[in-house]
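Asker: Below is the structure I would like to discuss, written out as structure tokens.
Coordinate-derived values only; no laboratory data. In this text, all values refer to a predicted model and were calculated from it rather than measured experimentally. Note: ideal-geometry Cβ built from the backbone for every residue, glycine included; neighbour counts use all protein chains shown.
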Amino acid sequence: MKKIVLTGGGTAGHCNPNLALVPTLKDNGFDIVYIGSYAGIEKQLVEEAGLEYRGISSGKLRRYFDLQNVTDAFRVLKGFGEAYSLLKKLAPDIVFSKGGFVSVPVVRAAHLLRIPVIIHESDMTPGLANKLSFGAAVKICCSFKETLSLLPEKKAVFTGSPVRSELFSGNAERAKKFSGLRDNGFPTILVTGGSLGAASVNEAVRHVLPELAKKYNIVHLCGRGKVDPTLNHFEGYVQYDYIDKELPDLFAMADLVISRAGSNAIFEILSLKKPNILVPLPSNASRGDQEDNAASFKKQGYSYVIENNDLSDQTLLSGIEEVMSNRSKYVEAMEKAPESNAVKTICGLINEFAG
């Protein structure tokens, strides 16, 4: 039996695309081990998926000066040593990395041990963790065609973004029972900021709840620790810090999705053909990748975009009205999106280089 190590973490967006590959990898005869951080969200997700999980030390890679860069450098070095020992013991045929800070020591250790590495870059512009890993990779997959020009030419492969197959098995009736929302025929808005939440989106949605609840039911995924208990009894509104198994059902029930513009999230929305509003994380709070992602989706007609700095009661309510009034236009654009069977393509590359 062939063996593969999957790595990537820090957010659910660095883990879920890996998990999307698991059923096909198992069908192809791979024994799977996941290497992530000691206590990142990926640990819970991977263990819930029933995979073997190994944790290593991880530090954050920053582009700016911070005293924590010093201490985190030691964590990264420790992580490299732990990854090297693990990989030597596990002796995988290949490593597949979805990025995130924890992936760098795993990828570099694999390269030193002459284990083939395939990387997937989700965002339109490559992140620092993946950039540091490019030299160790035999192939670099990407979600956006625009990304190909930013990657080493001989290594770059457009694959699209792997999406979990279970997302397509959602049931709206189950979601109605689970959420307990009003059965009044109102359209449903699903608000999500990813596993870490989105403070500005949370605040904006809650500020206009009295107005929204006149016409919509609202399901709000707030992020861990960001539920507001004072709103628990607001009619037509339910909130959760994080949802996993019930997410396909909530997507099936949703008529409109309001989301940050992380790559994993928006490609799931695209695959499900859900009319959506994207509020990208601003460049002053990130490296600007979400703004690039959102701009691409807006240009192709898949999404309505509200820049974070422009987010207000008026822009949010008018955006919701615009998308709901023109739902068919957005759905039609998404239906014309080039089909990319990312799971099949990526697993084909894995099989090729695993020997």
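Asker: Could the peptides 228-236, 112-120 be put in order, highest first, of the mean number of other beta-carbon atoms found within 10 Å of their residues?
Answerer: Going from most to least packed, we get 112-120, 228-236.
Asker: Output the 0 to 90 degree angle, nearest 10, between the alpha-carbon long axis of helix 313-325 and the longest principal axis computed from the alpha carbons of the chain.
Answerer: 90 degrees
Asker: A follow-up question, please. Any idea how far the Cα center of segment 1-63 sits from the one of segment 136-154, in Å?
Answerer: 21 Å
Asker: Now, a different point. Using only the alpha-carbon atoms, how far is helix 263-272 inclined from the longest principal axis of the chain? Give it as 0 to 90 degrees, nearest 10.
Answerer: Rounded to the nearest ten degrees, it is 60.
Asker: If you build a Gaussian network model of the chain, linking Cα atoms that sit under 10 Å apart, which residue out of GLY160, GLY185, GLY99 swings the most?
Answerer: Answer for the Gaussian network model of the chain: GLY185.
Asker: I've got another one for you. When the helices in the chain are scored as -39500 (n - 2.57) per DSSP H run of 4 or longer and the sum is shared across all residues, what 222 nm value do you end up with, to the nearest 500 deg cm²/dmol?
Answerer: -11500 deg cm²/dmol
Asker: Next question, about the same structure. Where does the charge balance sit around MET1 when Lys and Arg score +1, Asp and Glu -1, over other residues with C-beta under 15 Å from its C-beta?
Answerer: -1
Asker: Could you give the size of the charge dipole of the chain about its Cα centre, using +1 on the Cβ of each K and R and -1 on the Cβ of each D and E, expressed in debye and rounded to the nearest 20?
Answerer: So the magnitude is around 1040 debye.
Asker: Which of ASP292, ASP123, ASP310 moves the most in a Gaussian network model of the chain with Cα springs under 10 Å?
Answerer: ASP310
Asker: Just need the relative contact order of segment 152-239 here, percent rounded to a whole number, with Cα pairs under 8 Å and 6+ apart.
Answerer: About 31 percent, as a whole number.
Asker: Compare the peptides 42-49, 313-320 by average per-residue count of other Cβ atoms within 10 angstrom and give them in order, highest first.
Answerer: Per-residue Cβ counts within 10 Å, averaged per peptide and sorted highest first, yield 42-49, 313-320.
Asker: If you don't mind, another one. What is the distance in Å between the Cα centroid of segment 174-192 and that of segment 255-285?
Answerer: So the two Cα centres are separated by 19 Å.
Asker: For segment 166-335, calculate the relative contact order in percent as a whole number, restricting contacts to Cα pairs under 8 Å that are 6 or more residues apart.
Answerer: 23 percent
Asker: Net charge near THR147, counting Lys/Arg +1 and Asp/Glu -1 over other residues with Cβ under 13 Å of its Cβ?
Answerer: Computed value for this residue: -3.
Asker: Considering only C-alpha atoms, what is the centroid distance from segment 118-132 to segment 205-240, in Å?
Answerer: Their Cα centres are 34 Å away from one another.
Asker: What list of ³J(HN,Hα) values in whole Hz, one per residue of segment 200-217 in order, does the Karplus curve 6.51 cos²θ - 1.76 cosθ + 1.60 (θ = phi - 60°) give from phi, with Gly and Pro shown as x?
Answerer: 5, 5, 4, 5, 5, 5, 5, 5, 9, 3, x, 6, 4, 5, 6, 10, 9, 9
Asker: Relative to the longest principal Cα axis of the chain, at what angle does helix 68-90 sit, 0 to 90 degrees, rounded to 10?
Answerer: 60 degrees
Asker: Using the number of other C-beta atoms within 10 angstrom as an exposure proxy, rank ARG174, ARG108 with the fewest first.
Answerer: The fewest-first ordering by Cβ neighbours comes to ARG174, ARG108.
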